[in-house]
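Accompanying notes for the structure given below.
The values are calculated or read from the model by the stated rules, or taken from the named source; none is laboratory data. Just so we're clear, the structure is a prediction, and the values are computed from it rather than from any experiment. Neighbour counts are summed over all protein chains in view; Cβ atoms, including those assigned to glycine, are modelled from backbone coordinates with ideal geometry. The protein model used for the area step is the full one, side chains on, heavy atoms only, and it has no ligands, DNA or RNA in it. Shrake-Rupley method; radii C 1.70, N 1.55, O 1.52, S 1.80 Å.
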Amino acid sequence: MGNPLLDICAVVDKDFLDKFEELVKKFKVEYHAGGATQNSIKIAQWMIQEPHKVGTFFGCIGKDKFGEILKEKAEEVHVDAHYYEQDEEPTGTCAACITGDNRSLVANLAAANCYKKDKHLDLEENWKLVEKAKVYYIAGFFLTVSLESILKVAKHASENNKLFCMNLSAPFICQFFKDNLMQVMPYVDVLFGNETEATAFAKEQDFDTKDIKEIARKAQALPKDNKKRQRVVVITQGKDETVMALSDKIETFPVVKTDPKYIVDTNGAGDAFVGGFLSELVQEKPLDQCVKAAHYAANVIIQRAGCSFPEKPDFK
């Protein structure tokens, strides 16, 4: 569950960045089902391949042309999207404007901000889909939209000993939505973040350290509702090793090395990492295998524009 955005990608000239509206009219554009959570779910589906629709996604869109395109794009990547459709706000978009080697992202959340628990999550047919799921993933960005929806899902996971996963998502979430984040934290079984988010989180939580391993250890030890599962904390550090905190130890995993000349676009690498991790987690594979899949997926994504991928993965 998260903020669905229609990613609109175009190669543009520098003058254009000042005049956003022209994008769809003037340039050849590509559309993708986007937004952090939806990206992760589509990567997980791509890694798994068959069966289709292993992941169900909830979020809010508008009743408009972009909403229709978003539904088509989610269908194309075999994500089982159940959107709450409303007509007060247009479908959220994220324009990725590519100039040479540089990308500028212009996001407009619009409808994504309008998700309502009572209008969608609480509906019997939707809640049945929640009950059917074994693993839940919500990016931290959704904390700004519907805390009550997150808590309902998180508590359900905790009470039924299912896995609830969350992402710190951005330093501003750790800073300005700290209270919301900490209301959900007792239910989090797997916490993802990168080094900048982890550092911001540590500062807000008065951990009194900038050491990533120590931050992971302290986040892992925060109070937890479901005592049957130990929390796992996974922190990525770009090209540097990934850190994972378990109850009694810290493990590190080197990332797949990539020649910088092959790196096209690092946006979406974090979403892809989570998607790869989830693809193995739902198959109950060991955690080191989850990290391997996560590294593989992120490595594929950074060598392509946007959160896109080849037809099939060759992950072993």
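Extending each Cα 7 Å along its Cβ direction at K203 and Q289, get the distance between those two points in nm, one decimal.
4.0
Under 14 Å Cα-Cα from K316, which aspartates and glutamates qualify once same-chain neighbours fewer than 8 residues away are excluded?
E280, D288
Take the chain, connect every pair of alpha-carbon atoms lying under 10 Å apart with a spring to form a Gaussian network, then pick out the residue of D64, D206, D271 with the largest mean-square fluctuation.
Top of the fluctuation ranking is D206.
Could you pull out every one of the lysines with an alpha carbon less than 27 Å from that of K213, ignoring same-chain neighbours closer than 8 positions?
The qualifying lysines are K162, K178, K203, K224, K227, K228, K239, K249, K257, K285, K292.
Remind me, relative contact order of the range 41-81 in percent, using alpha carbon pairs under 8 angstrom and six or more residues apart?
Relative contact order comes out at 53 percent.
Let a ≥ b ≥ c be the square roots of the eigenvalues of the Cα gyration tensor of the range 66-117; is it rounded (a/c under 1.5), or, if not, prolate (a/b larger than b/c) or oblate?
Oblate.
Under a Cβ-only charge scheme (Lys and Arg +1, Asp and Glu -1), can you give me the dipole magnitude of the range 178-240 about the Cα centre, in debye to the nearest 20?
Dipole magnitude for the range 178-240 comes out near 340 debye.
Within the chain, what whole-number % of the accessible surface is contributed by carbon and sulfur, with the 1.4 Å probe and all protein chains included in the calculation?
49
Could you calculate the FRET efficiency of K261 with T99 from 1/(1 + (r/R0)^6), where r is the beta carbon distance between them and R0 is 30 Å, rounded to 0.05?
Once the sixth-power term is evaluated, E becomes 0.95.
Quick check: with the 1.4 Å probe, what order do W127, W46 take by accessible area, largest first?
Putting W127, W46 in descending order of accessible area: W127, W46.
If we count every other residue with Cβ under 14 angstrom of T236's Cβ, Lys/Arg +1 and Asp/Glu -1, where does the sum land?
Result for the neighbourhood of T236: -3.
Report, please, the projected area of the chain averaged over directions, based on the convex hull of its C-alpha atoms, in nm².
Computed as one quarter of the Cα hull surface, the answer is 15.8 nm².
Just grab the label-to-label distance for E76 and K228, each label 7 Å out from Cα along the Cβ direction, in nm (one decimal).
4.1
So which GluC sites (Glu not before Pro) in the range 72-158 are both in a DSSP loop and have at most 16 other Cβ atoms within 10 Å of their Cβ?
Taking the range 72-158 and a limit of 16 other Cβ atoms within 10 Å, the loop GluC sites (Glu not before Pro) found are E88.
Report, in listed order, any pair from K65/K132; K25/K71; K42/K116 with a Cα-Cα distance greater than 25 Å.
K65/K132
Using a 1.4 Å probe, how large is the accessible area of T196, given in Å² and rounded to the nearest 10?
T196 has an accessible surface of roughly 80 Å² with all protein chains in place.
Divide by every residue of the chain the summed helix terms, -39500 (n - 2.57) for each DSSP H run of at least 4, and state the resulting mean residue ellipticity at 222 nm, rounded to the nearest 500 deg cm²/dmol.
That calculation yields -10500 deg cm²/dmol at 222 nm.
Taking the alpha carbon gyration tensor of the range 195-316, what are the square roots of 5 times its eigenvalues, largest first, to the nearest whole Å?
Output for the range 195-316: semi-axes of 27, 18, 12 Å.
Provide the FRET efficiency to the nearest 0.05 for the K116-F27 pair, computing r from the beta carbons and using R0 = 41 Å.
FRET efficiency, K116 to F27: 0.75.
If the chain between K132 and D314 were fully stretched, how many nm would it gain, using 0.36 nm times the residue separation less the Cα-Cα distance?
In short, 62.6 nm is gained.
With the chain treated as a Gaussian network of Cα nodes joined by springs under 10 Å, which of Q38, Q183, Q303 yields the largest mean-square fluctuation?
Q183
Excluding ligands and nucleic acids, what accessible area in Å² is computed for R304 using a 1.4 Å probe, to the nearest 10?
80
Can you find, among A216, Q283, S308, the residue sitting farthest towards the positive end of the charge dipole of the range 215-316, where Lys and Arg contribute +1 and Asp and Glu -1 at Cβ?
So the residue furthest toward the plus end is A216.
Rounded, prolate or oblate: which fits the range 5-124 when a ≥ b ≥ c are the square roots of the eigenvalues of the alpha-carbon gyration tensor, with rounded for a/c under 1.5 and prolate only if a/b beats b/c?
oblate
How much length is gained if the chain between E88 and A221 is pulled fully straight, taking 0.36 nm per residue apart and subtracting their Cα-Cα distance, in nm to one decimal?
43.6 nm
Pick from A110, A294, A44 the residue whose mean-square fluctuation is largest in a GNM of the chain, springs joining Cα atoms under 10 Å.
Evaluated over the chain, the most mobile residue of the options is A110.
Calculate how many DSSP beta bridges within the range 17-129 are antiparallel, expressed in % of all such bridges and rounded to the nearest 5.
50
Kindly give the semi-axes, whole Å and largest first, of the ellipsoid equivalent to the range 94-200, taking each as the square root of 5 times a Cα gyration tensor eigenvalue.
In descending order, the three semi-axes are 27, 18, 13 Å.
Using a 1.4 Å probe, what is the accessible area per residue for the chain, in Å²?
For the chain, the per-residue accessible area is 48 Å².
Treat the range 180-257 as a sphere of radius equal to its Kirkwood radius over Cα pairs and apply Stokes-Einstein at 4 °C in a medium of 1.567 mPa s; give the translational diffusion coefficient in µm²/s, rounded to a whole number.
Stokes-Einstein gives a translational diffusion coefficient of 102 µm²/s.
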